[in-house]
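What follows is a single structure, written as structure tokens, with notes after it.
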Amino acid sequence: MRGERYVEASSNGATDLAPIVIFVYNRLNHTKQTIEALARNDLANVSEVFIYSDAAKKEQGTEKVKAVRQYIDSIIPDSLFKSVTIIKAESNRGLANSVINGVSEIINRFGRVIVVEDDLVTTPDFLSYMNRALDFYRDDPKIWSISGYSFKMKIPKSYKHDIFLSYRASSWGYATWADRWNTVDWELKDYQQFSKDWKMQHVLNRGGRDLSLMVHDQVEGRIDSWAIRWCYAQAKQDKYTVYPIYSLVKNLGLDGSGTHGKEYDKNRWSSIIKDTDTDI
């Protein structure tokens, strides 16, 4: 992995800010924290926001979805963001389809996008970092995406950079460009070839030994993940994701509240907030 100072991107002359896409479902408290944190960002009042609200999967879940929709309907754009557009699904799409279709719709309009889900709390400089990085790495063919989240790790004192590169993309607050997003084969048409190609499996597993297993689970229907297909495409193209040394995102969804999640080891996935040494 190699690093560069992402703060240098501020001198590169960014023009249009990337739109923010937020995916929400049935977690009112998480959604409030996600949106309120974004609203405290330095560029919030000049950023366009698109909120995708999925419908309930079962009838007994309609009240929770209704509560989330009442909250997002109450958002006053002028006081928080430049604009807010809400897209409500009439039937349940599931997270994977919601993300693939929603991001595709917005990224093909604007060319770039910043994405958060309803359980992510961001630091006030998250949007600044994302927009600078999107502009700085836009024409670098080796960069696949920008991550706002970063895991806790020991940084050598000799390492003077603000970012590092990884073989694995993150879905916990990320940004990318249309020309990268549109290269993904969401149907995994070459899976049969991949399943017999140990070299390609090794390439994918540079980002984590769980990735090949997740591809298998996706094809067999045991999981429904847009993110593993995103990581798979990145590995096939031998590209990198940019991570900040200090995380700009905290995941609130490790409490077991997510549709696809269970309560995880919070210490394993905790982060260190940028410019401090305190957990977020």
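The values are calculated or read from the model by the stated rules, or taken from the named source; none is laboratory data. In this text, all values refer to a predicted model and were calculated from it rather than measured experimentally. A quick note on method: Cβ atoms are made from the backbone with ideal geometry, for glycine too, and the neighbour counts reach across all protein chains shown. All accessible areas refer to the heavy atoms of the entire protein, side chains included, with ligands and DNA or RNA removed. Shrake-Rupley method; radii C 1.70, N 1.55, O 1.52, S 1.80 Å.
Assuming charge only on the beta carbon of Lys and Arg (+1) and of Asp and Glu (-1), the dipole of segment 169-227 about its Cα centre is about 260 debye to the nearest 20. Nearest 0.05, what FRET efficiency do D73 and A39 give at R0 = 22 Å with Cβ-Cβ as r? Calculated transfer efficiency: 0.90.
Computed across the chain, the Kirkwood hydrodynamic radius from all distinct Cα-Cα pairs reaches 19.4 Å. Using every pair of separate Cα atoms, the Kirkwood estimate puts the hydrodynamic radius of segment 52-128 at 14.2 angstrom.
Subtracting the Cα-Cα distance of E220 and K199 from their residue separation scaled by 0.36 nm leaves 5.4 nm.
Give me the extension gain from V46 to N97: residue separation times 0.36 nm, minus the current Cα-Cα distance, reported in nm with one decimal.
Values: separation 51, 0.36 × 51 = 18.36 nm, distance 2.85 nm.
Extra length available between V46 and N97 comes to 15.5 nm.
Set the Förster radius R0 to 22 Å, insert the Cβ-Cβ distance between K236 and D139 as r into 1/(1 + (r/R0)^6), and round the FRET efficiency to 0.05. In this case the efficiency is close to 0.55. About the centre of its Cα atoms, segment 42-133 shows a dipole size close to 220 debye [charges on the beta carbon of Lys, Arg (+1) and Asp, Glu (-1) only; nearest 20 debye]. Heavy-atom accessible area with a 1.4 Å probe sorts R40, R27, largest first, into R40, R27. For segment 50-107, the solvent-accessible area works out to 55 Å² per residue, with a probe of 1.4 Å and every protein chain left in place.
What is the sum of charges around D73, taking Lys and Arg as +1, Asp and Glu as -1, for the other residues whose C-beta is under 12 Å from the C-beta of D73?
Local charge sum for D73: +3.
Against the empirical curve 2.2 N^0.38 Å, the C-alpha radius of gyration of segment 1-150 lands at a ratio of 1.08. For the chain, adding -39500 (n - 2.57) for each run of n ≥ 4 DSSP H residues and dividing by the number of residues yields -9500 deg cm²/dmol at 222 nm. Length available on full extension from K189 to K57: 0.36 nm per residue minus the Cα-Cα distance, which gives 44.7 nm.
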